[in-house]
Amino acid sequence: MGKIVFAGAMSHVLDPDYYERACGAVGRRTVEAVMAEIAKMGERFSAKKADALIVVADDHLNAFSFNAVPALCVRIGRHVQRMVQDHAEAFDKVLDHMPERYPLHEELANSILEQGIQAGFDLALSWEAPVDHAFLSPVNTMHGTRPIPPLVPIWVNCFVAPQPTARRCFAFGRHIANVVAKSPWNVGIIATGGLSHFPELSLPRVGETDTVFDRKLVHWMENGEHAPLLELTADELDKAGEHEFLNWMVLLGAVTPARADVRYFGELADPAAALEDVDLSEPERAAFLARDMRKINALGGYLHLVMSIPGLAAH
Ligand SMILES: [Fe+2]
C-alpha cells in the first residue's frame, strides 16, 4: 500500500539576483534564507527515498496560452523538458543552469489521470508541456546535486478566471491521496507559489503583500483547520494576492488533517523598492505608488504602461 511520505509548500521564485534587483540587499538575504530552508526540506525528503515527487504548480501563460487554459492538467509521458524561453525573465533564466530533462513517474501520473476521470475530475492532460521556474526552482533547490526522483507535474489554473474553486482543488488533493494509497509507491508532494504577492497584472500593487491574510492562512494550516479554507473564493484570493494558494489547496487535500509546520515566514513589502529599476517616468512611478488610476490613465493608460514595462513578469 502506497503512502505520502513527504509534503511541503514553498515559494517558486528562488533567485537571489532577481530579489536583490527588485528589493535590494534585504531581498537577497530573505530569499537566500528561504532557499536554505527549502534545501533542508529537500534533505528530509531525500531521506525518505520516495518513488516519485508530485509537483503542483500553476502555469504563467508560458506552457499553455489563451489557446487553451486547463483548470487542472496532469503531465504524462516519460520525460519532461525544462522550459526554454528566448526572452526569459530573470527568474526563469536561472533555469539555464539546471538539468534540461527530467524523468516522469509515468504510472503514477496515468493513475491520477485515469482514476481522476473515473471519479468525475475532468482533467486535462499533456504529453509535451515543458516546466518553468514554478516547478524546477523548488525541485532543484530541494535536491541540490542529489538525484531527483521521477516527477509528476500538475498544473492548476491560478490566474485566468474562472479558476477552479478552492474546494475543488482540495477535493482533487483528496483524489491524489486515494490514488497513492491504492498504489505500491511512496510519494512526496509539493505545492509551489505564493503566499501573497501581486504579479504584473496587478501592477499598481506590485511589491505589496497582504501578510494579514497570509497569517490567517498559516494559522488555519498550522492548526489543521481546513474547513474555512474550502470557503475561500476566487475574489478573496485575488484581492489578497493569494491566487497561487490554489496549488496549496491541492496539497492540503492530499494530507488533511495534517498540521503544517512553518519553516520560514518572511515579508517583503516595499512597493517603491519593487518599482525601483522599472523604466517609468517619475510622474508614472508616483501615480503607481499612489494607485492613482485617474493619473495613470492621464499619463497614457494602464495598459500602455504595463506593455511598456518589459522587466516585470508574473510569478
Ligand atoms: Fe508564480
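Scanning region 163-173 for residues that are more than 16 Å from the ligand (Cβ to nearest atom) and either farther than 22 Å from A124 by Cα or buried (at least 17 other Cβ atoms within 10 Å of the Cβ) (or both) returns P164, T165, A166, R168, F170, A171, F172, G173. Within the span defined as region 194-209, every residue fails to be away from the ligand (no atom under 16 Å from the Cβ) and not in a helix (DSSP H, G or I). The numbered conditions (1) closer than 20 Å to C169 by Cα; (2) within 16 Å of the ligand (Cβ to nearest atom); (3) at pLDDT 95 or above are all true for H60 except (3). In region 186-225, the residue that is farthest from A260 (Cα to Cα) out of those that are surrounded by fewer than 20 Cβ atoms within 10 Å (Cβ to Cβ), in contact with a Gly (Cβ under 9 Å, 6 or more places away or on another chain) and modelled with pLDDT of 90 or more is N186. When residues of region 129-162 are filtered for being surrounded by fewer than 18 Cβ atoms within 10 Å (Cβ to Cβ) and within 25 Å of E242 (Cα to Cα), how many remain? Of the residues in region 129-162, 3 are surrounded by fewer than 18 Cβ atoms within 10 Å (Cβ to Cβ) and within 25 Å of E242 (Cα to Cα). Can you name every residue in region 1-34 that is touching a helix residue (DSSP H, G or I) at 6+ places or on another chain (Cβ under 6 Å), more than 16 Å from the ligand (Cβ to nearest atom) and of a type in the set (A, V, I, L, M, F, W, C)? I4, F6, A7, C23, listed by residue number. Do the conditions hold for G116, that is, is it in a loop (DSSP other than H, G, I, E, B) and either modelled with pLDDT under 95 or of a type in the set (G, A, S) (or both)? No; evaluated as a whole, the condition is false for this residue. Selection of region 119-128 for residues being surrounded by 15 or more Cβ atoms within 10 Å (Cβ to Cβ) and either touching a Gly at 6+ places or on another chain (Cβ under 6 Å) or part of a strand (DSSP E or B) (or both) yields L123, A124, L125, S126.
Restricting the search to region 14-33, which residues are buried (at least 20 other Cβ atoms within 10 Å of the Cβ) and touching a Lys or Arg at 6+ places or on another chain (Cβ under 9 Å)?
Listed by number, the residues that qualify are D15, Y18, Y19, G27.
If you filter region 181-193 down to residues that are within 16 Å of the ligand (Cβ to nearest atom) and not hydroxyl-bearing (S, T, Y), you find that the one that is farthest from E208 (Cα to Cα) is I190. Taking A90 as the residue in question, decide whether it is under 13 Å from S137 (Cα atoms), within 16 Å of the ligand (Cβ to nearest atom) and surrounded by fewer than 20 Cβ atoms within 10 Å (Cβ to Cβ). Against the criterion (under 13 Å from S137 (Cα atoms), within 16 Å of the ligand (Cβ to nearest atom) and surrounded by fewer than 20 Cβ atoms within 10 Å (Cβ to Cβ)), A90 qualifies. Here the condition is being touching a Cys at 6+ places or on another chain (Cβ under 9 Å) and crowded, with 21+ Cβ neighbours inside 10 Å; of V80, V74, V56, it holds for V56 alone. Among residues of region 228-257 that are of a type in the set (V, I, T), those with a beta-carbon under 7 Å from a residue that is within 16 Å of the ligand (Cβ to nearest atom) and in a helix (DSSP H, G or I) at least six positions away or on a different chain give the pairs V250/C169. How many residues does region 113-167 hold that are hydrophobic (A, V, I, L, M, F, W, C) and free of Cβ contacts under 8 Å to residues at least 40 places away in the same chain? Of the residues in region 113-167, 2 are hydrophobic (A, V, I, L, M, F, W, C) and free of Cβ contacts under 8 Å to residues at least 40 places away in the same chain. From the list S196, S137, the lone residue that is touching a helix residue (DSSP H, G or I) at 6+ places or on another chain (Cβ under 8 Å) and over 25 Å from Q85 (Cβ atoms) is S196.
The values are calculated or read from the model by the stated rules, or taken from the named source; none is laboratory data. Given the structure is predicted, the values throughout are model-derived calculations rather than measurements. Ideal geometry is used to build each Cβ from the backbone, glycine not excepted, and the neighbour counts take in all protein chains shown.
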